[in-house]
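The values are calculated or read from the model by the stated rules, or taken from the named source; none is laboratory data. Please read these numbers as outputs of a predicted model, since none were measured by experiment. Cβ: placed from backbone, ideal geometry, glycine included. Neighbour counts: every protein chain shown. Accessible surface is based on the protein model in full, side chains and every heavy atom, while ligands, DNA and RNA are left aside. Shrake-Rupley method; radii C 1.70, N 1.55, O 1.52, S 1.80 Å.
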Amino acid sequence: MRRLVDREIPDREHREQLKAWCRAQMDDGAFRETCRLRGWNRTTAQRHVDLALAHLFLVMIYQDLNERVGNP
């Protein structure tokens, strides 16, 4: 999964925001605190996370469809 994120999410800040969001899923305030410490606007960072997750989801669907029809 890490390689997929590194390959498919080209913007370093967006990758960092996605990683921070993933780590924060066990602690409600962790994402908010990470955003504050890194100087990110939390609303914008959350939007970047949403876009990154949607992008990864579409890539995984595309890969799955290609495997089902036999394309590399």
Output for Cβ contacts, cut-off 7 Å, separation at least six or different chains, first residue without any contact (Cβ under 8 Å) to a residue 24 or more places away in the chain in the stretch 10-27, second among the β-branched types (V, I, T) and part of a helix (DSSP H, G or I), reads A24/T34
Scan the stretch 14-30 residue by residue and report those that are out of contact with any Phe, Trp or Tyr (no Cβ under 7 Å at 6 or more places or on another chain) and surrounded by 10 or more Cβ atoms within 10 Å (Cβ to Cβ).
-> H14, R15, E16, L18, K19, C22, R23, D27, A30
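Matching residues to (1) hydroxyl-bearing (S, T, Y); (2) modelled with pLDDT of 90 or more; (3) in contact with a helix residue (DSSP H, G or I) (Cβ under 8 Å, 6 or more places away or on another chain):
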position: E16; (1), (2), (3): no, yes, yes
position: A24; (1), (2), (3): no, no, yes
position: A52; (1), (2), (3): no, yes, yes
position: N66; (1), (2), (3): no, no, no
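Would you mind finding the one in R47, R36 that is at pLDDT 90 or above, over 11 Å from the mean Cα position of the chain (by Cα) and either open to solvent by 90 Å² or more (accessible area, probe 1.4 Å) or of a type in the set (A, V, I, L, M) (or both)? Don't jump to the end; show me each part of the working.
Numbers: R47 fails: over 11 Å from the mean Cα position of the chain (by Cα).
Result of the check over R47, R36: R36.
Sort out for me the helices (runs of 4 or more DSSP H) sitting completely within the chain that have 3 or more residues that are of a type in the set (D, E).
Numbers: elements: 2-8, 12-23, 28-38, 42-69.
By residue number, 42-69.
If a residue has to be open to solvent by less than 30 Å² (accessible area, probe 1.4 Å) and more than 12 Å from V5 (Cα to Cα) to count, how many in the stretch 50-66 make the cut? Even if it seems obvious, please write down each step before you answer.
Here is the first cut: in the stretch 50-66, the ones open to solvent by less than 30 Å² (accessible area, probe 1.4 Å) are 52, 56, 59, 66.
After this cut, where a residue has to be more than 12 Å from V5 (Cα to Cα) as well, the list is 66.
Number satisfying all stated conditions: 1.
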Within the set of pairs 6 or more residues apart or between chains, which connect a residue that is under 11 Å from E13 (Cα atoms) inside the stretch 29-47 to a residue that is among the small types (G, A, S) and not in a loop (DSSP other than H, G, I, E, B) with Cβ atoms less than 9 Å apart?
-> R38/A20; R38/A45; W40/A20; A45/A20
